[in-house]
Amino acid sequence: IKNLNINCKLAPEGQKILIGKGIIETLSGVHLMDIQFPLFERFQKIIKRIFDIFLSFVLILLTIPFHLYFFLFGLLRKQIIWSNNNQNISIYYYKSTNKLFQNMPLLFMILHGSISFVGSQLIDYRRKNPELMIKPGITGLSCLKSGVVEQNTLRNIDQYYAMHYSLILDIDIIFKSILRF
């Protein structure tokens, strides 16, 4: 039904539902939801990916000397995190006391497509599976909150992000994150 212009309606059961922009209809006492998530629309995914590729490529070019230094001296450490679709991915950090330098290898992960600039929180694989619905990112709405975010709160923040996604929102989150440094 992907390319047949057919709408699907959902009849939810229980408390674990995902609410997006849409409408709720009642048909013979059954509640049907028509849900829209801008983040999951194909056009929005392409725009987000182009933005990630362009910005990460430019930043990698600007920071080549730093990358060469850390690579040549083997100052890398590996961490395994949760990704969406209940998968684990390996990310790398530089061994440095400066957080900006530590996170530079993440630019390669963004260029590769494993993570994004703006997304869900980076969560270590040893913690309980958070069942992320969006790709993890260097920053995001959950990162702008102070302290550790609980799993239910993280899910609500990710839902809000998915419902209100726009390139302008991503740029706003990036600038607010930079100002927090």
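The values are calculated or read from the model by the stated rules, or taken from the named source; none is laboratory data. Keep in mind that what you see is a predicted model, and the values were worked out from it rather than measured. Please note: Cβ atoms are built from the backbone with ideal geometry, for glycine as well, and neighbour counts cover all protein chains shown. Please note that ligands, DNA and RNA were not included when accessible areas were found on the heavy atoms of the full protein model with its side chains. Shrake-Rupley method; radii C 1.70, N 1.55, O 1.52, S 1.80 Å.
Here are L59, L39: which of them is outside any loop (DSSP other than H, G, I, E, B), at pLDDT below 95 and within 17 Å of V118 (Cα to Cα)?
L39
Of all residues in region 92-106, those being without any contact (Cβ under 8 Å) to a residue 12 or more places away in the chain and in contact with a strand residue (DSSP E or B) (Cβ under 7 Å, 6 or more places away or on another chain) number 1. Scanning region 107-128 for residues that are farther than 11 Å from I81 by Cβ and open to solvent by 30 Å² or more (accessible area, probe 1.4 Å) yields F108, L111, H112, K128. For region 78-101, the candidate set comprises residues that are among the hydrophobic types (A, V, I, L, M, F, W, C) and farther than 13 Å from R127 by Cα; within that set, the residue that is most open to solvent (accessible area, probe 1.4 Å) is L100.
Pick from M133, M104: which is surrounded by fewer than 20 Cβ atoms within 10 Å (Cβ to Cβ) and under 15 Å from the mean Cα position of the chain (by Cα)?
After applying the criteria, what remains is M133.
Being more than 24 Å from D124 (Cα to Cα), under 22 Å from the mean Cα position of the chain (by Cα) and at pLDDT below 65: is that true of K21 here? Here the answer is yes, as K21 does meet what is asked.
Matching residues to (1) of a type in the set (A, V, I, L, M, F, W, C); (2) in contact with a Gly (Cβ under 7 Å, 6 or more places away or on another chain); (3) modelled with pLDDT under 95; (4) assigned to a strand (DSSP E or B):
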position	(1), (2), (3), (4)
S96	no, no, yes, no
L100	yes, no, yes, no
F108	yes, no, no, no
L111	yes, no, no, no
S114	no, no, yes, no
F117	yes, yes, no, yes
L122	yes, no, yes, no
N129	no, no, yes, no
I134	yes, yes, yes, no
